[in-house]
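Structure record follows, encoded as structure tokens.
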Amino acid sequence: MDKDDDAHVSLAKHGDPAPADAGGPGLQRAGEERPGDAFLSGAAYAALGILGGVFGVVGSFAQDWTVGRVPLAAIVLVGLVFAMAWLSGRGMGGRLGGTVPAVVWGIVVFVLSMRRPEGDLVVPATLAGYVFIIGGMVAAVLGVMLTPPARPPGDWLLGKAGRTRG
């Protein structure tokens, strides 16, 4: 332990509050949350949810464009679903960032593939529709799973007991 750590331990033992930062007042330690961080994170996840919803609506209406018999738009949209999930997860620093837009996308596509009482539906049971729905779900899961986790594997189980100081 260095001199700074000894001072923190001594202050903690005697009930004195720990100093705000070793660098001086007003500075913040690495890893500490600021008051607006939770709000900013919530707003970012809400924006990702809206992105997934908009992508689900636009993709549902565009997935039926074909070149001959090849559902080219559905294939491109499957690649974009993967990119959406993977890039969202990478941008937010964990798998939850990719899961939020992927789940909202899946709900929107599921709702738009159901037949209304009038008989209308947006995503029909065609090759393009199946490629878009099934391929999109597989792509979303792959995008989320290929995102590195925010914490080390098993950390949820071990908690603080599994952390070692290096």
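Residue 86 exposes around 80 Å² of accessible area when a 1.4 Å probe is run over every protein chain in place.
Summing charges over all other residues whose Cβ lies under 13 Å from the Cβ of residue 131, with Lys and Arg as +1 and Asp and Glu as -1, gives 0.
Take the Cβ atoms of residue 62 and residue 39, set R0 to 35 Å, and the FRET efficiency comes out at 0.55. Distance between the pseudo-spin-label points of residue 111 and residue 54 (7 Å out from Cα toward the beta carbon): 1.7 nm. Residues whose amide H comes within less than 5 Å of that of residue 113, counting only those at least five positions distant or on another chain, are 123 (H built at 1.01 Å from N in the peptide plane).
Per-residue 3J(HN,Hα) values for segment 68-74, derived from phi via the Karplus relation 6.51 cos²θ - 1.76 cosθ + 1.60 with θ = phi - 60°, read x, 9, 8, x, 4, 5, 5 Hz in sequence order (x marks Gly and Pro).
The values are calculated or read from the model by the stated rules, or taken from the named source; none is laboratory data. Since we're looking at a predicted model, the values are computed, not measured. Cβ atoms come from the backbone with ideal geometry, glycine included; neighbour counts cover every protein chain shown. Protein only, heavy atoms only, side chains kept; ligands, DNA and RNA dropped before computing areas. Shrake-Rupley method; radii C 1.70, N 1.55, O 1.52, S 1.80 Å.
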